[in-house]
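Any read-out appearing in this document is the output of simple, stated calculations on the displayed coordinates, not a laboratory observation. Bear in mind that the values here come from a model prediction, so they are computed numbers and not experimental data. With ideal geometry, Cβ positions are generated from the backbone for all residues, glycine too; neighbour counts draw on all protein chains shown.
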């Protein structure tokens, strides 16, 4: 009897190409699992990242605020006389009036086209809450809420919101492009951007604004569908009105700060700094740009104006352009809600319902 063990049959090896395909398949499956896991947790991760960023900004603001001589800042705020405050309030009124006309450019809204006064009221309320609480709550949330009460359907509100957003940033393109390209502001040494680079950015912004007008004037296709929402390209006259209203709104905002600054600064310089601080606020997503606007002004104009004068002017600007309109918008919104509730009660109590 033969007691020798038989050798196991050799396991056939995969060919190099097949082995690579097998390894790549396993890697692709692993990446897909990671992508699905990340996608499921991304909303939570994004909220944590945003919360951490806002906390960091708050810490930096507190650190900077501890170094401010607040008694001198409050003294600078208290030194404003009534004519100066009235001038600043007049600029603020012009800015809000121009912005309130944005949504009028989207008419007609559909079968239920609200009156012009109602549209401007909705736009004003949305703008005030947008500046103080962010675009998600103010620009979008209040528009959907208020326009739905006026009988406007969601697709029409989306179209209005998109046109308003484009209008606002079109005005920014015109003003910032002209201010940056003209070289009205010399950036401090050590900044990431130099004055030459800023001029180049200004030229690019103007080119984008001109390109928008050209597309509105000559494009053959005028509508698209994106994620179920219809997008319509405005006509050239509407695009020109967008430019006029938005540049007026942004320019009036700069006028408020200019009136409140007591020094020898020119209006184009103040407007340029405000435009830079506004885009910084938009990128950081800090509500009302709290601390961001002040930091940009201090960095760019701190050598030309005292810190307490700058901070006093900016805090007064916030009171005039942010907080006081927010107070009015809150009262108006509460009145609208109360009137709609009374209307529902009256309809329920009327006979035949």
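Among 243, 249, what is the fewest-to-most ranking by other Cβ atoms within 10 Å?
Starting with the residue having the fewest Cβ neighbours, the order is 243, 249.
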Worksheet item: Between residue 328 and residue 90, 0.36 nm times their residue separation minus their Cα-Cα distance comes to what?
Response: 84.1 nm
Fill in: Mean Cβ neighbour count within 10 Å, used as a protection proxy, ranking 257-266, 97-106 highest first
97-106, 257-266
Discussion item. Could you work out how much longer the chain between residue 232 and residue 133 gets when fully extended? Use 0.36 nm per residue separation minus the Cα distance between them, nm to one decimal.
Written reply: 32.8 nm
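Determine, from the Cβ-Cβ distance of residue 240 and residue 162 and an R0 of 25 Å, the FRET efficiency 1/(1 + (r/R0)^6), rounded to the nearest 0.05.
On the way: r = 18 Å, r/R0 = 0.73.
Computed FRET efficiency for residue 240 and residue 162: 0.85.
Applying 1/(1 + (r/R0)^6) with R0 = 41 Å to the Cβ-Cβ distance of residue 210 and residue 148, what FRET efficiency is obtained, to the nearest 0.05? Mind showing how you got there, number by number?
Details: r = 37 Å, r/R0 = 0.89.
With a Förster radius of 41 Å, E is 0.65.
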Worksheet item: Put a dot 7 Å past each Cα toward the Cβ at residue 74 and residue 338; how far apart are the dots in nm?
Response: 3.4 nm
Worksheet item: When ranked by the protection proxy of mean other Cβ atoms within 10 Å per residue, highest first, what sequence do the peptides 167-174, 132-139 form?
Response: 167-174, 132-139
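Relative contact order for segment 69-338: what is it in percent, counting Cα pairs under 8 Å that are at least 6 residues apart? List each step's numbers first, then the result.
Values: 332 pairs, mean separation 75.7, N = 270.
With pairs under 8 Å counted, the relative contact order is 28 percent.
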Worksheet item: In nm, to one decimal, how far is the residue 107 label point from the residue 222 one, both placed 7 Å along Cα→Cβ?
Response: 1.8 nm
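Work out how much length residue 195 to residue 304 would gain on full extension: take 0.36 nm times their residue separation and subtract the Cα-Cα distance, in nm to one decimal. Don't jump to the answer; show the numbers that get you there.
Working: separation 109, 0.36 × 109 = 39.24 nm, distance 1.78 nm.
My answer for the length gained is 37.5 nm.
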Worksheet item: What's the FRET efficiency of residue 203 with residue 319 using the Cβ-Cβ distance as r and R₀ = 30 Å, to the nearest 0.05?
Response: 0.25
